[in-house]
Amino acid sequence: MSSLEELNQKLQERIKEEKLLPRGTSVRGTVVSTKAKNTVTIERTFIVHIPKYKRYMRKRSKIHAHVPDGISLKVGDVVVAQQTRKISKTKAWVVTKVVKRGEEQ
């Protein structure tokens, strides 16, 4: 097994231990901040159609997601986050999968 598969397996175990039941929408995005404890900020980009001008616009949004204990993420990692119960005032998402590791800086 590769290190990414091992990390994802460990991530799933930690989610079950902390009794966080992922449900609802899942989003894919890039980690832009890891400054807060057990939290990452994920930025996702999406394209929106503007009917008036018959054009498309690129938008982005930031989501605060919970990272279980023992999992380390870096800025630039591509992750999948899923909705869960409210964890704090701004956190209602949990990281469920690491798709790609970011570049070493």
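Modelled this way, with points 7 Å down the Cα-to-C-beta line, the labels at E18 and Y56 are 3.4 nm from one another. Dipole magnitude for the chain: about 860 debye, using +1 per Lys or Arg Cβ and -1 per Asp or Glu Cβ, origin at the Cα centre. With contributions of -39500 (n - 2.57) from each DSSP H run of at least four residues, the per-residue ellipticity at 222 nm computed over the chain stands at -4500 deg cm²/dmol. Seen from G70, the other residues with C-beta closer than 9 Å to its C-beta sum to a net charge of +1, counting Lys and Arg as +1 and Asp and Glu as -1.
Built from the Cα atoms of region 18-83, the convex hull projects on average onto 5.4 nm², one quarter of its surface area. Taking loop as defined by DSSP and a crowding limit of 15 other beta carbons within 10 Å, which chymotrypsin sites (Phe, Trp or Tyr not before Pro) in region 1-56 fit? Those that pass, being in a loop and sparsely packed, are Y53. Name all residues of region 65-105 having a backbone nitrogen under 15 Å from the label point set 7 Å from the Cα of V32 along its Cα→Cβ direction, giving them as ranges. Label zone hits: 65, 75-79. Work from the charge dipole of the chain (Cβ charges, +1 for Lys and Arg, -1 for Asp and Glu, about the Cα centre) and give the residue of N8, V98, I50 farthest towards its positive end. My answer, from the dipole projection, is I50. With K and R counted +1 and D and E -1, the other residues having a Cβ less than 12 Å from that of T30 yield a net charge of +4. Across K74, K91, K52, mean-square fluctuation computed from a Gaussian network of the chain (C-alpha pairs under 10 Å connected) peaks at K52.
Just so you know, all these numbers are worked out from the coordinates, no wet-lab data involved. The structure presented is a predicted model; accordingly, all values stated were derived computationally and were not measured. Please note: Cβ atoms are built from the backbone with ideal geometry, for glycine as well, and neighbour counts cover all protein chains shown.
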